[in-house]
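Take a look at the following structure, please.
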Amino acid sequence: MKLTVTDVRKSFGATEVLRGASLTVREGDLAAVLGPSGCGKTTLLRIVAGFEGLDGGSVRIGEREVAGLPPERRGVGIVPQEAALFPHLSVARNVGFGLPRGSSGRTGRIEECLELVGLAGYGDRMPHQISGGQQQRVALARALAPRPGVVLLDEPFNALDRSLRVSVRDEVRAALKRAGATAVLVTHDQEEALSMADTVAVMREGRIVQEGAPSSIYAAPRDLGVATFVGEAVVLTASRGRDTVTCELGDLLPRRDGATGTANGTADGTGNGTASETGNGAANGTADGAANGSVAGNGAGNGTAGSVALRPEQFVLRAPGEGAGGLVERVEFFGHDAAVTVTLESGTVIRARTRGDVPHRPGDRVGVTVEGPVLFFAD
Ligand SMILES: Nc1ncnc2c1ncn2[C@@H]1O[C@H](COP(=O)(O)OP(=O)(O)OP(=O)(O)O)[C@@H](O)[C@H]1O
């Protein structure tokens, strides 16, 4: 079912933790709420689940307002950080925990859910007889069993070691999709959010500051804070001309889709609204991208001071003499690609993503240029 969280406010004593958080998740979508530690992600999830009351705003699941209902009447399934299975119950009995005893179809539903998470045939095992990743999938099967309207996952991969995390992520995503579940995943791991979710909601200081498809958040962050939090970026002082952005790496082409905004985003306290994907889409359709009132593309930006955010894949390493000069400090080889750290003559350090067969070695002199349109944010 669709989840609509509107302008939710919550304080603990004098501390205002949620300051008008709004989030919409379409039916069947997996949305990641991504934000730094302490920004209020878990509080938001607990409010949706009903474990915490709210001071203002609304939470709707489908068309139903659930803000006043106890957790058990909300139709919400929860996958906690650690699987938290009942150790004395078999896998099947754990999965069936939320299903009425003796109900017809109970056994069938348990089997169906184990199959959804790829653990058909594991029902008779005890939790200690399966791996950490499998335990997390049993927790998901348990959450899905009562057919909840929304599934909430609170940093569910934290307890797993890195090598296991990627495969369990894939399995959890596949199971949610097979179940057709509407789900919210809370995480501070941007790679996890970008790779797993249909939509990403970036949270900062108690508000969702931008919602959209992972690719659009990465390509068109609304401010410098989002740009640097979602994905790697080198930030340089820059000046915006009519058709160019000038920085120490030369005259670059600004993005012209209206995505460029201010460097401080909502820090001025005016930014309750989120930069939704629809909003960006609307800006895309304009001739000059000035729909959000930013300096980008509105012709008023001659000489405007600000910052440019450059992605690692935008740097091109060339022969010395081409572009800005620099010295290769480090080459990290990942097989499919590589990361090359270069100190420019100005002292600026950049990290370039290049093809795996990178010819450079530490100590080499190179030239650095930038390709593609760049993100500019006015001061
Ligand atoms: N029950 C509570 N009483 C008082 N303060 C609380 C309570 N729950 C949360 N907080 C405070 O609210 C703020 C947000 O906490 P929350 O757990 O929602 O953040 P988070 O984004 O999930 O962080 P993390 O990623 O570290 O879990 C923190 O400063 C926290 O100390």
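Could you run through region 333-357 and say how many residues are within 22 Å of Ala309 (Cβ to Cβ), open to solvent by 40 Å² or more (accessible area, probe 1.4 Å) and part of a loop (DSSP other than H, G, I, E, B)?
So the count comes out to 3.
Considering each of Glu65, Glu16, Glu52 in turn, give the residue that is in contact with a helix residue (DSSP H, G or I) (Cβ under 7 Å, 6 or more places away or on another chain) and either surrounded by 14 or more Cβ atoms within 10 Å (Cβ to Cβ) or modelled with pLDDT of 95 or more (or both).
The unique qualifying residue is Glu52.
Give the number of residues within region 27-49 that are small (Gly, Ala, Ser) and modelled with pLDDT under 95.
Here the count works out to 3.
Taking region 222-265 as the region of interest, how many residues are modelled with pLDDT under 90 and crowded, with 17+ Cβ neighbours inside 10 Å?
11
Tell me whether region 358-366 contains one or more residues that are outside the structural domain of Asp243 (by TED's automatic domain parsing), loosely packed, with under 12 Cβ neighbours inside 10 Å and modelled with pLDDT under 95.
For region 358-366, residues outside the structural domain of Asp243 (by TED's automatic domain parsing), loosely packed, with under 12 Cβ neighbours inside 10 Å and modelled with pLDDT under 95: present.
Would you confirm whether any residue within region 367-378 is of a type in the set (Ser, Thr, Tyr), within 15 Å of Cys247 (Cα to Cα), touching a residue at least 12 places away in the same chain (Cβ under 8 Å) and open to solvent by 50 Å² or more (accessible area, probe 1.4 Å)?
No: zero hits.
Let me ask something else. Tell me which residues, restricted to region 206-218, are closer than 18 Å to Val48 by Cβ and open to solvent by 10 Å² or more (accessible area, probe 1.4 Å).
Arg207, Glu211
The values are calculated or read from the model by the stated rules, or taken from the named source; none is laboratory data. Please read all numbers here as calculations on a predicted model, not as lab measurements. A quick note on method: Cβ atoms are made from the backbone with ideal geometry, for glycine too, and the neighbour counts reach across all protein chains shown. The accessibility values were calculated without ligands, DNA or RNA, using every heavy atom of the protein model including side chains. Shrake-Rupley method; radii C 1.70, N 1.55, O 1.52, S 1.80 Å.
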